[in-house]
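Engineer: Sharing a structure with you now.
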Amino acid sequence: MPITVTSPLLPDLEEFHQELQVIWDSKWITNNGSFHRKLESALCEYLGVPYVSLFTNGTLPLLTALQALKVTGEVITTPYSFVATTHSIWWNGCKPVFVDIDPKTGNIDPDKIEAAITPQTSAIMPVHVYGKPCDTKRIREIADRHGLKVIYDAAHAFGVEVDGESILKAGDMSTLSFHATKVFNTVEGGAMVMHDAETKKQIDFLKNFGFAGETEVVGPGINSKMDEIRSAYGLLNLKQVDAAIEARHQVAIRYREALRGVEGISFFDDMPGVRHNYSYFPIFVDAERYGMTRDALYFKMKEQGILGRRYFYPLISDFSTYSGLESARPENLPNARKMADEVICLPMHHALSEDDISRVLDCIL
Ligand code: T4K
């Protein structure tokens, strides 16, 4: 049996069936129904944030955040992410400006942000890559100094806390993905986290075509509402997400114990004061010291049915849509390039067995 990079957390089918019966009986299947409202409040409570707006995936809240904050011109971002991050900037008619990452975290390097700011810059879109928190304090200081908005792509950062506070409280807005491959999933789905009731109201209008009532449209909205079926599914999954995160934690412990000290293989350790969610387990292969290139190891794993993934290779800045940008020049992004060239995300999910973990480790060791 292949061991995949992830495996979705699924609700109990019997319980889900009971919820479906409720939905069938009510005949209310989308448009801010009761399951949708319940999931929004349950997420506020679980995440420790004041306002959550559900979306149909994790890409649309990024697009909508940029719209709502009236971001124009240039947006500073990281090349080391899933391509949706930069696409959201492009779809808003803005120019992405790539800034290199800090090799210690994989996140945008705050020390390099200011040099990329121009009179056209209006926002920063960092990513908490693999759920590792960005230096939100430094980013806030820079943004405030230059009057910039900050939108965090927190697609990987469900449940991540720093010193007991949700990482989702940082920035003007944060967005989440609830895709099947994420720690918490609603099949497809996502959310935006904001800080005040007025913004929540505005975002709820925007995700429903801009409707603020039966006959009033207050802005150029879009349709990105989550339906009742996936909201019910999400409510059931929320009950088991803590156990899933703990199971992932145990996998991380096993991987780290076995791989620490292996010449040419490195990985991230937990950060002090951070509640991690173990959404991914990236390792980095130094070909010379390990004696094999990253790709050689990746394909060897594949041959043995161990389907890790090279998240995030290629860099977003290497895709043809973006590679012509001045900031995409390789010499501007040496740390991101090195990480993209060395990374393999090992299988990491709640249902990995001891046997699966041993197979992965045996292959690497
Ligand atoms: N920002 C960031 C930083 C992101 O990482 C993402 C998405 C977004 C924004 C956008 O959020 P969404 O609009 O997607 O909500 C996956 C996901 O499609 C994507 O959500 C995710 N990031 C990205 C990092 O990875 P693929 O193409 O690698 O997934 P796929 O289909 O190859 O699945 C990987 C493995 O997962 C499979 O080998 C087996 C397992 N799997 C997958 C699915 C879909 C299952 O067992 N069951 C399933 O249903 O993109």
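Engineer: Give the residues of region 168-182 that are open to solvent by 10 Å² or more (accessible area, probe 1.4 Å), in contact with a helix residue (DSSP H, G or I) (Cβ under 9 Å, 6 or more places away or on another chain) and within 16 Å of the ligand (Cβ to nearest atom), sorted by residue number.
Structural biologist: Step one: of region 168-182, the residues open to solvent by 10 Å² or more (accessible area, probe 1.4 Å) are 169-172, 177, 179-182.
Keeping just the survivors that are in contact with a helix residue (DSSP H, G or I) (Cβ under 9 Å, 6 or more places away or on another chain) gives 169-172, 177.
If the condition is that a residue be open to solvent by 10 Å² or more (accessible area, probe 1.4 Å), in contact with a helix residue (DSSP H, G or I) (Cβ under 9 Å, 6 or more places away or on another chain) and within 16 Å of the ligand (Cβ to nearest atom), then ALA170, GLY171, SER177 are the ones that fit.
Engineer: Now for a separate question. Got at least one residue in region 276-286 being without any contact (Cβ under 8 Å) to a residue 12 or more places away in the chain, out of contact with any Pro (no Cβ under 9 Å at 6 or more places or on another chain), outside any strand (DSSP E or B) and within 16 Å of the ligand (Cβ to nearest atom)?
Structural biologist: Taking region 276-286 as the starting set, the residues that turn out to be without any contact (Cβ under 8 Å) to a residue 12 or more places away in the chain are none.
Checked against the condition, which is being without any contact (Cβ under 8 Å) to a residue 12 or more places away in the chain, out of contact with any Pro (no Cβ under 9 Å at 6 or more places or on another chain), outside any strand (DSSP E or B) and within 16 Å of the ligand (Cβ to nearest atom), region 276-286 yields no hits at all.
Engineer: Within region 144-163, can one find any residue that is open to solvent by 20 Å² or more (accessible area, probe 1.4 Å), touching an Asp or Glu at 6+ places or on another chain (Cβ under 7 Å) and without any contact (Cβ under 8 Å) to a residue 24 or more places away in the chain?
Structural biologist: no
Engineer: While we're looking at this one, here's another question. With respect to the numbered conditions (1) within 16 Å of the ligand (Cβ to nearest atom); (2) farther than 26 Å from TYR278 by Cβ; (3) open to solvent by 30 Å² or more (accessible area, probe 1.4 Å); (4) under 22 Å from the mean Cα position of the chain (by Cα), which one is the sole condition not fulfilled by ASP204?
Structural biologist: For ASP204, the failing item is (1).
Engineer: Here is a list of conditions, (1) touching a Pro at 6+ places or on another chain (Cβ under 6 Å); (2) within 19 Å of LEU60 (Cα to Cα), and LEU236 meets all of them except one; can you say which number that is?
Structural biologist: If we test LEU236 against (1) touching a Pro at 6+ places or on another chain (Cβ under 6 Å); (2) within 19 Å of LEU60 (Cα to Cα), just (2) comes out false.
Engineer: Looking only at region 24-57, how many residues end up being assigned to a helix (DSSP H, G or I) and surrounded by fewer than 19 Cβ atoms within 10 Å (Cβ to Cβ)?
Structural biologist: 11
Engineer: From THR121, THR86, THR59, which residue is touching a strand residue (DSSP E or B) at 6+ places or on another chain (Cβ under 6 Å), under 12 Å from ASP153 (Cα atoms) and polar (S, T, N, Q)?
Structural biologist: The conditions single out THR86.
Yes or no, residue by residue, for (1) more than 16 Å from the ligand (Cβ to nearest atom); (2) closer than 30 Å to ALA232 by Cβ; (3) touching a Lys or Arg at 6+ places or on another chain (Cβ under 9 Å):
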| position | (1), (2), (3) |
| --- | --- |
| LEU13 | no, yes, no |
| ASN31 | yes, yes, yes |
| THR59 | no, yes, no |
| THR72 | yes, no, no |
| PRO79 | no, no, yes |
| PHE82 | no, yes, no |
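Engineer: Residue check, GLU303 against (1) more than 23 Å from the chain's Cα centre (by Cα); (2) away from the ligand (no atom under 16 Å from the Cβ); (3) surrounded by fewer than 15 Cβ atoms within 10 Å (Cβ to Cβ); (4) among the acidic types (Asp, Glu), all met but one. Which one?
Structural biologist: Single failed check for GLU303: (2).
The values are calculated or read from the model by the stated rules, or taken from the named source; none is laboratory data. Bear in mind that the values here come from a model prediction, so they are computed numbers and not experimental data. With ideal geometry, Cβ positions are generated from the backbone for all residues, glycine too; neighbour counts draw on all protein chains shown. We work out accessible area using only protein heavy atoms, side chains counted, and drop any ligands, DNA or RNA first. Shrake-Rupley method; radii C 1.70, N 1.55, O 1.52, S 1.80 Å.
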